[in-house]
Amino acid sequence: MADKALDLRPITARRRPISRFRVALIAWWCVWLLLLLFFFSGVRLNLGAFTIKTIALDWGFIAIWWPFISRGVIVTFQLSIISIVLAVVLALLAALARLSRVASLNSLAGLYTSLMRGTPLFLQFIFIYSALPQLGLVLNAFPSAVLALSLNYGAYMSEIFRAGIQAVGRGQTEAAAALGMTPWQTMRRVVLPQALRIITPDIGNQFIAMQKDTSLASAITLLELMGLARQAGAPRQRFFEALVVAAIWYWLMTIVLTYFQGQLEHRMSRSDR
């Protein structure tokens, strides 16, 4: 019994700092959030030599128009989901083309990634929505936004896929070849499953970034979160208040996505042990 008591003491000692840290972390989060709310309270404090000014918001406008602007969250989420799925497919194809020894495919993938990464996403939105109709390809705002986001993020993520594939040890492919697997079988059964585990955190980060970049779709008249914020705020000269509502929603969505990304990474790290 004495041995068991001695074994439990270091465990208890190790747990106490963690719990204290969590309490302190929550407390400081509350402090910073209260300071953030104070920053938008509109209060003016005269402290003798200097004055503390805060931003005044029309909270009545925010309360009235919050439900209207919040409708854009669904469109934003749909746009993000469809675009990230297509971007992953494009990224994988481009990465395989960049790794191939076929000159035509390699150069085409190189041109695609260079062009998409070398021009602003905003210009890509405008070009797809405004220039493609001259070629007889007329797309509405939603498919235009999906195409722009997919092409842009597919180019960036192709480098992530390429790095993930190259990170798989060469011995794995040599062992697969020794077992009689074809190059396609080796890529599908050996390399890609391991590469996906490596690049999953980076794909999650790209999805979080894409969720915020959907705001650019408002420039091509798509009524997602930012588009509805502009529609509500501009005619009533309360554009800043409308942007605050949109910013809160983007922040909340980022928090939720970051949480699920962390849970996924935690499960993957546990399965690797």
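Of the residues making up the stretch 231-238, none is of a type in the set (A, V, I, L, M, F, W, C), under 28 Å from Gln124 (Cβ atoms) and under 15 Å from the mean Cα position of the chain (by Cα).
In the stretch 31-53, the residues that are without any contact (Cβ under 8 Å) to a residue 40 or more places away in the chain form Cβ pairs under 8 Å with partners that are exposed (fewer than 10 other Cβ atoms within 10 Å of the Cβ) and not aliphatic (A, V, I, L, M), at six or more places apart or across chains, as follows: Arg44/Thr51; Leu45/Thr51. Taking the stretch 159-273 as the region of interest, the helices (runs of 4 or more DSSP H) fully inside it that hold 3 or more residues being among the small types (Gly, Ala, Ser) and at pLDDT below 90 are 170-178, 239-272.
Condition check ((1) without any contact (Cβ under 8 Å) to a residue 40 or more places away in the chain; (2) closer than 30 Å to Leu96 by Cα) across all residues:
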{"residue": "Trp184", "(1), (2)": "yes, yes"}
{"residue": "Arg188", "(1), (2)": "yes, yes"}
{"residue": "Leu196", "(1), (2)": "yes, yes"}
{"residue": "Met210", "(1), (2)": "no, yes"}
{"residue": "Leu243", "(1), (2)": "yes, no"}
{"residue": "Ala246", "(1), (2)": "no, no"}
{"residue": "Met253", "(1), (2)": "no, no"}
{"residue": "Thr258", "(1), (2)": "no, yes"}
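The values are calculated or read from the model by the stated rules, or taken from the named source; none is laboratory data. Only a predicted model underlies this, so the values are computations on that prediction, with no experimental measurement involved. No Cβ is skipped: glycine too gets one built from the backbone with ideal geometry, and neighbour counts run over all protein chains shown.
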